[in-house]
Amino acid sequence: KAGVTQTPRYLIKTRGQQVTLSCSPISGHRSVSWYQQTPGQGLQFLFEYFSETQRNKGNFPGRFSGRQFSNSRSEMNVSTLELGDSALYLCASSSGGSHSYEQYFGPGTRLTVT
Amino acid sequence: DQQVKQNSPSLSVQEGRISILNCDYTNSMFDYFLWYKKYPAEGPTFLISISSIKDKNEDGRFTVFLNKSAKHLSLHIVPSQPGDSAVYFCAASSGLGFGNEKLTFGTGTRLTIIP
């Protein structure tokens, strides 16, 4: 079974621009979560989607948004990029059912904002 | 407000010896705990987990211990192997049985196994 895939793997943008990251979950998984990893901060939860609905949200500004499609693929968008948005963005999928705590991560998208 | 803390940013252990990674949490609503391992340029890989109704879970060389009264968990790796060198993240969830809840991660411990 193929793992979680994320595109692109690397991205360089300038301040003020916007960016869209894509995630394809493991086949059959209906839940997709997004995390931001920065040095010294660990992984910070952004949001989780299940059946095209945002089910959980972390403490990030409204510039960070996402969506999920009917095939469970998900996209994350960041508008008006700031230097502090430079990070590794990780997507994780799980079955999304009751007590499905284990999440399986993709390789991440490394975003650099200059 | 760091609800999951890994106070040791790094740890070095001789090959063949036991590696012990520690994690503390503050939120008493957490009821499920996980350990992830991360190599550079890869996403975290799920390693082992434990429910709050247990105090120990074992999988091969990996054992996780949970002390609910102390709000502390630890990951034991025995024997340690060079391929275990990676960053280890502790994570916790207050799933409440409703489905996939968010995971709260610690900041990670970099484990280096010395040959």
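Read-outs throughout are calculated quantities, based only on the coordinates presented, and are distinct from any laboratory measurement. Bear in mind that the values here come from a model prediction, so they are computed numbers and not experimental data. Cβ sites come from the backbone with ideal geometry, for glycine too, and all protein chains shown count toward neighbours.
So the values come out like this:
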item	result
Residue in the stretch A:8-19 that is surrounded by 15 or more Cβ atoms within 10 Å (Cβ to Cβ) and closer than 26 Å to B:LEU34 by Cβ present	no
Segments classed as strands (runs of 3 or more DSSP E), wholly inside the stretch A:1-110, with at least 2 members that are within 14 Å of chain B (Cβ to nearest Cβ) and in contact with a Ser or Thr (Cβ under 9 Å, 6 or more places away or on another chain)	A:5-7, A:19-24, A:31-38, A:42-50, A:53-57, A:64-68, A:87-94
Residue match in the stretch A:94-106 (condition: touching a helix residue (DSSP H, G or I) at 6+ places or on another chain (Cβ under 7 Å) and crowded, with 21+ Cβ neighbours inside 10 Å)	no
